[in-house]
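Undergrad: Here's a structure for you.
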Amino acid sequence: MVTLEKTPVSQTAPQTTSSIDVFNPVTGQSIGSIPITTAEQVRQAAEKARAAQPAWEVRGVKERAALLRAWADLLWADQKNAIDIIRRETGKTELGAWEEVAVIDTTVGYYHKYAAGMLRPQSRRTMVLGRQTARVYYKPHGVAGFITPWNYPLNNAFIDLIPALIAGNTVLQKPSEITPFTAIYAVELMYKVGIPRDVIQVLTGGGATGAALVDVVDYISFTGSTATGKKIAVRAAERLIPCSLELGGKDPMIVLNDADIDLAAAETIVGAAGENTGQVCISTERVYVEDGIYDRYIERLKHYASQLKIGTDGNVGSLTNARELQRSEAQVQDAVAKGAQLIYGGKRRPELGPLFYEPAILTNVNHTMDVMREETFGPIIPVMRVKDAAEAVRLANDSEYGLSASILTKDLKRGEQLATQIQSGDVHINTTHWIFGTPDLPMGGVKNSGLGRRGGPEGLLRFVKTQSVLVDNLWFQKPTLVRIDGLLYRGALLMRKVRRAFPFLPL
Ligand code: NAD
């Protein structure tokens, strides 16, 4: 049995060897190793991807989307294997792993259906109707790189590259060195349905491999910590390539006086602890509860916490990464040292495995504590009493992050109005996390939570560059030495009059 202290070393140690061991967090045992792809090998992979791109682009959106659909169908049919691999390297519950397969399937379904329409050339308005027409064309960037984290090894590794492939890019994917086998497995399924090997390649390794990838691609999509994301943004700026950054969060939940108390308490548990043991970028990490409901809410929160079954066959699985166990414990200790009360949980469960940890409920917290300011990646629930909704919104916005948020209220209209006052990329009313699983909605952060959006048309259009084509239709056009000839001049004056007189016309 590998000890707890030994497990995390491989996850953070400097890369002095040519391979990295991968561990099952539940048993602490090694489940294999991956080669570290060198910078030179990354460059060679990019050359192959660049050579394969024109033929991939020529195949057209519909054909590419059909291949991705076939891949998702195969993944769906093979979900038992997919779930096994995900669970072996993350320690999550069976339903938690199934959810990853389901989100990928839904995402493929969405882009399979709508991508062709979104990428169709668009007509645009011109100064003089008729004489000129204009169209916008969408063209892939070329080779797109993806660097992804360990918390959702299927979801986060593929959710962005699906639209990138459909848009006609070829892809280099660098999965987390902590959970690389899911990506390797899923890309093998892509080859099985006929996606050419050079169109998508997996490059295993750690941070150095990721850094080498940023140096060779035409677009970089990164999901991971804010600290790494900033380094990638700097390098992308130096190379002047577009990037998207899905980074960390510190998501607030606001429970208003009129909330359904049981729903609010149960959603808090799911949002902060139940979903992937709190190892979610959009997990609930701070709860602000209005005074009038506070005491009853705390009582119900403890009640629901006590119903949780901890274990990979229960509702709260293992933590995946020992670093996150240490970070969670340190935040609880810091809060208690500064006056917080640990009213539930917060203990390791070594009899279940080295990284199991009971959800911890903290009260009497404030914004001087790390647990209210720094990202938490574990099942910690700090709850703060507030006098009203305005104070809750002010505190929710008092953060360097702005990824997701949630509001619990029976007044849906007021909830939606309050949502727009919160500085975040998305807000859920009476639920959490559903931005994943709603592929038509753009998802992403503001402030230190990132740049760019995945999902929806926005999530597809970031993988193309626009090209505008303006055509003069040769209506009475004669050679002239000035840009505005007489006909254009009169046409422009007429168009101005018409536009001013009939502003409702789509001219
Ligand atoms: P991380 O930043 O440590 O690593 C992410 C990836 O970046 C890994 O593949 C890693 O090998 C690679 N990497 C590390 N250093 C690099 C460098 N210098 N250059 C290029 N690549 C490098 O993050 P993590 O611990 O794997 O993931 C947890 C973090 O991810 C949390 O902060 C979480 O909030 C965030 N996250 C965000 C989202 C989102 O959608 N916003 C989703 C999941 C996770």
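The values are calculated or read from the model by the stated rules, or taken from the named source; none is laboratory data. Everything numeric here is computed off the predicted structure, so don't read it as measured data. Methodologically, a virtual Cβ is constructed for each residue, glycine included, from the backbone with ideal geometry; neighbour enumeration extends over all protein chains shown. Just the protein is used for accessible areas: all its heavy atoms, side chains included, with ligands, DNA and RNA removed. Shrake-Rupley method; radii C 1.70, N 1.55, O 1.52, S 1.80 Å.
Undergrad: Within region 208-265, restricting attention to residues that are among the acidic types (Asp, Glu), within 11 Å of the ligand (Cβ to nearest atom) and touching a Ser or Thr at 6+ places or on another chain (Cβ under 9 Å), which residue is farthest from Met372 (Cα to Cα)?
TA: Ranking the qualifying residues of region 208-265, first place goes to Glu246.
Undergrad: Another question, if that's okay. Considering Ala335, Ala360, which residue is crowded, with 18+ Cβ neighbours inside 10 Å, in contact (Cβ under 8 Å) with a residue 24 or more places away in the chain, at negative phi and over 28 Å from the mean Cα position of the chain (by Cα)?
TA: Testing whether each residue is crowded, with 18+ Cβ neighbours inside 10 Å, in contact (Cβ under 8 Å) with a residue 24 or more places away in the chain, at negative phi and over 28 Å from the mean Cα position of the chain (by Cα) leaves just Ala335.
Undergrad: Which of the numbered conditions does Ile232 fail, given that it passes all the others? Conditions: (1) aliphatic (A, V, I, L, M); (2) in the same structural domain as Trp98 (by TED's automatic domain parsing); (3) over 18 Å from the mean Cα position of the chain (by Cα); (4) farther than 23 Å from Val108 by Cβ.
TA: Exception for Ile232: condition (3).
Undergrad: Check whether at least one residue in region 125-136 is closer than 21 Å to Gly205 by Cβ, away from the ligand (no atom under 15 Å from the Cβ), of a type outside the set (Lys, Arg) and touching a residue at least 60 places away in the same chain (Cβ under 8 Å), and report yes or no.
TA: no
Undergrad: If you don't mind, there's one more thing I want to ask. Return the only residue of Pro25, Pro54 being out of contact with any helix residue (DSSP H, G or I) (no Cβ under 6 Å at 6 or more places or on another chain), outside any helix (DSSP H, G or I) and in the same structural domain as Lys192 (by TED's automatic domain parsing).
TA: Testing whether each residue is out of contact with any helix residue (DSSP H, G or I) (no Cβ under 6 Å at 6 or more places or on another chain), outside any helix (DSSP H, G or I) and in the same structural domain as Lys192 (by TED's automatic domain parsing) leaves just Pro25.
Undergrad: Can you pull out every residue in region 50-95 that is within 17 Å of Pro140 (Cβ to Cβ) and among the acidic types (Asp, Glu)?
TA: Of everything in region 50-95, those that are within 17 Å of Pro140 (Cβ to Cβ) and among the acidic types (Asp, Glu) turn out to be Glu57, Glu63.
Undergrad: Based on what the data block shows, is Leu319 part of a helix (DSSP H, G or I), within 26 Å of the chain's Cα centre (by Cα) and of a type in the set (A, V, I, L, M, F, W, C)?
TA: In short, no.
Undergrad: For residues that are in a loop (DSSP other than H, G, I, E, B) and of a type in the set (S, T, N, Q), scanning just region 192-235, find the one that is nearest to Leu461 (Cα to Cα).
TA: Per the criteria, the residue is Ser225.
Undergrad: So, in region 140-170, how many residues would count as being away from the ligand (no atom under 16 Å from the Cβ) and out of contact with any helix residue (DSSP H, G or I) (no Cβ under 8 Å at 6 or more places or on another chain)?
TA: Here the count works out to 1.
Undergrad: Could you please find all residues in region 266-309 being within 16 Å of the ligand (Cβ to nearest atom), of a type in the set (S, T, N, Q) and either open to solvent by 10 Å² or more (accessible area, probe 1.4 Å) or part of a helix (DSSP H, G or I) (or both)?
TA: Asn276, Thr277, listed by residue number.
Undergrad: Under the condition of being among the aliphatic types (A, V, I, L, M) and open to solvent by less than 60 Å² (accessible area, probe 1.4 Å), which residue from region 472-500 is modelled with the lowest pLDDT?
TA: Within region 472-500, the match that is modelled with the lowest pLDDT is Leu488.
Undergrad: Between residues in region 448-472 that are among the acidic types (Asp, Glu) and residues that are within 16 Å of the ligand (Cβ to nearest atom), which pairs lie under 6 Å by C-beta distance while being six or more apart or on different chains?
TA: What qualifies is Glu458/Pro442.
Undergrad: Go through (1) at pLDDT below 95; (2) open to solvent by 70 Å² or more (accessible area, probe 1.4 Å); (3) among the hydrophobic types (A, V, I, L, M, F, W, C) one by one and return the number of the condition Trp76 breaks.
TA: Every listed condition holds for Trp76 apart from (1).
Undergrad: OK, next. Could you tell me which numbered condition Arg462 fails, if it satisfies all but one of (1) out of contact with any Lys or Arg (no Cβ under 8 Å at 6 or more places or on another chain); (2) modelled with pLDDT of 95 or more?
TA: Looking at each condition in turn, Arg462 falls short on (1).
Undergrad: Turning to a different aspect of this structure: Among the listed residues Val193, Val217, identify the single one that is of a type in the set (Val, Ile, Thr), crowded, with 21+ Cβ neighbours inside 10 Å and touching a residue at least 12 places away in the same chain (Cβ under 8 Å).
TA: The unique qualifying residue is Val217.
Undergrad: If Gln173 meets every condition in (1) under 26 Å from Met118 (Cβ atoms); (2) within 14 Å of the ligand (Cβ to nearest atom); (3) outside any strand (DSSP E or B); (4) of a type outside the set (Ser, Thr, Tyr) apart from one, which number is that one?
TA: (3)
Undergrad: Is it fair to say Arg385 is in the same structural domain as Cys281 (by TED's automatic domain parsing) and in a strand (DSSP E or B)?
TA: For Arg385, the condition - in the same structural domain as Cys281 (by TED's automatic domain parsing) and in a strand (DSSP E or B) - is met.
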